[in-house]
Amino acid sequence: MSGRARIYDVFVIGGGVNGCGVARDAAGRGFSVGLAEKGDLAGGTSSKSTKLIHGGLRYLEMFEFRMVREALEERETLLNIAPHLVQPLRFILPVARGGRPAWILRLGLILYDHLGARKKLPGAATVDLRAAPEGRALRPDLGRAFSYWDCRVDDARLVVLNARDAADRGADILTRTEVVRAKAGDGVWRLDLRDGSAGAERTISARLVVNAAGPWAEAVLHNVVGATNPPRLRLVRGSHIVTKKLFEGDAAFLFQARDGRVVFAIPFQDDFTLIGTTDVDQREAPEKAEISADEKDYLCRAASAFLARGVTDSDVVWSFSGVRPLSDGGTQRAAKASRDYEIDATSVGGASLINLIGGKLTAYRRVAEQVVDRAAARLGPRGGAWTASEKLPGGDFPGGDLAGFERELAVSYPFLSAAAARRLARAYGTLALKLLGSARRREDLGRDFGMGLSEAEVEHLTRREWARTAEDVLWRRSKLGLRASAAQTAMLDAFLAGEGT
């Protein structure tokens, strides 16, 4: 705990996108803020999404109009405040025999275009797959499709940069720190924290606690707070596979699977394709989430039903599974369970507790804003809402012109390849200029770990972004793990452990 405050105004449990969003918002309004994450930032669901900022086209079928509208409005906001992390992405939606008829798809896309005050993205259109270049990736019997626009995002970096901005505004971000007990009395929480590395415990105090532990929110209430009747969560696993590149071009595809669900196939990290997702009830603990053979087969078959080339298990180079914490409304099918969120504010021993249940990656900023509004109502107002207009760190390049900034980076640092300049610009935005500093040749950046990863970048990630292990660096702060050899990973781990020379 810093010396700035003996008692935190707000203490957040959970370092996913919602928790870090709350910390950023609260710190920017002038509250003293602490956050504890038992593992690494974005170590759970927030690094295991489909990597999209979108309204959720399929939720229109569930009549979730408010949720879709809010998400589409947030899509515009995130395009403005994080132009390095959030980029427009065109989707092709083929009309398939046995799927939703063309008129329903067209009606849904018209509604999708008009629900969310679309300003930056083009509208939906009809596509003749026999003439369009995207048609070459698909089976020849698919002749008609629609196109529409959403956005891609680097989900884990979105989390980390929210945490970075929160820390820059005074928040204490405590990773590898577990909240093991929380007791309230006389209007104050006393929380026992355990250092995950050393095992040492210490106690801090807070006037208000935000439970943003995602899939672990129910466990926090039961095991940490001691609630006797915590809200019941439905844990739903979403699994993805990453394959060798399956098609050319920058467009993504949305396929209608035979069971009525939809499956995305998205260009990923230049040389790969991301396919997902599934909806399966997670019966085990969230940290044990792992793709099943059935899920992998389902995703391969769903993509193979549309793509010109079949997808098999041998194409898969990586898979990951995340657990969505949904409010248990008794829906029979996991795919039909609502993705909406709930914010529950209550008091325990005169101290305030806010529980955040559910929610989508796309809506995190708005959800955080509402949580901090609730906190301000209990603690007394400070500054007003501000996060809709303030850029996330690195997003302040002129006009939000990412391509222009990539070119500027390549000119300023001519030793960078085009691919390296692109990666750094999209990961760090203008922070890349600080990372690269006065370097005039590659050697000025220190040790080369391969994959374009330099010692200067690793030091930035450890000093400014809480990275401690090779996994943190290669799979959450970047996706360079897709290209790293076992020897390169071992070398990086040894360096981070202080064993490198």
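A few comments on the model shown:
- Two-decimal log10 I(q)/I(0) for region 159-259, as the Debye equation yields it once each C-alpha is a single scatterer, q = 0.11, 0.16 Å⁻¹: -0.58, -0.90
- At R0 = 41 Å, FRET efficiency that the Cβ-Cβ distance of VAL180 and ASN80 yields, to 0.05: 0.55
- In sequence order, calculated HN-Hα J values of region 23-32 (Karplus, 6.51, -1.76, 1.60; Hz; x Gly/Pro): 4, 4, 4, 5, 5, x, 8, x, 7, 7
- Diffusion coefficient of region 215-329 by Stokes-Einstein, Kirkwood radius over Cα pairs, 20 °C, 1.002 mPa s: 138 µm²/s.
- Over region 66-109, the fraction of Cα-Cα pairs per 10 Å bin, rounded to whole percents and listed from the shortest bin up, is 22, 35, 31, 12, 0.
- Carbon/sulfur fraction of accessible area - the chain, other protein chains in place, 1.4 Å, %: 49 percent
- Virtual spin-label span in nm between THR469 and GLU248, 7 Å along Cα→Cβ: 4.1 nm
- Relative contact order computed over the chain (Cα-Cα under 8 Å; 6+ residues apart), in percent: 19 percent
- According to the Kirkwood relation over distinct C-alpha pairs, the hydrodynamic radius of region 1-156 is 18.2 Å.
- Note that region 306-441, at 20 °C in a medium of 1.002 mPa s, gets a Stokes-Einstein diffusion coefficient of 107 µm²/s from its Kirkwood radius over C-alpha pairs.
- Ratio of Rg to Rh over region 366-455 (Cα coordinates, Kirkwood Rh, two decimals): 1.19
- A DSSP coil position with no more than 14 other Cβ atoms inside 10 Å describes the following trypsin sites (Lys or Arg not before Pro) in region 393-501: ARG440, ARG441.
- When the alpha carbon gyration tensor of region 110-154 is reduced to an equivalent ellipsoid, the three semi-axes, largest first, read 25, 13, 8 Å.
- Take the Cα radius of gyration of the chain and divide it by 2.2 N^0.38 Å, N being the number of residues; the result is 0.97.
- Protein-only accessible surface order, largest first, of ARG258, ARG324, ARG283 at 1.4 Å: ARG258, ARG283, ARG324
- Exposure of THR243 as accessible area (Å², to 10), given a probe of 1.4 Å and all protein chains: 0 Å²
- Over region 25-111, volume per residue of the alpha carbon convex hull, in Å³: 160 Å³
- Rounded to whole Å, sorted largest first: equivalent-ellipsoid semi-axes of region 93-231, Cα gyration tensor: 50, 18, 16
- When Rg and Dmax are taken over the Cα atoms of region 352-501, they come to 19.1, 54 Å.
- Ligands, DNA and RNA are left out, and with a 1.4 angstrom probe the accessible area of the chain is 42 Å² per residue.
The values are calculated or read from the model by the stated rules, or taken from the named source; none is laboratory data. It should be emphasised that the depicted structure is a prediction, and the values quoted were computed from it without experimental measurement. Cβ coordinates were reconstructed from backbone atoms using ideal geometry, including for glycine residues, and neighbour counts include every protein chain displayed. These accessible areas exclude ligands, DNA and RNA; they are computed on the full protein's heavy atoms, side chains included. Shrake-Rupley method; radii C 1.70, N 1.55, O 1.52, S 1.80 Å.
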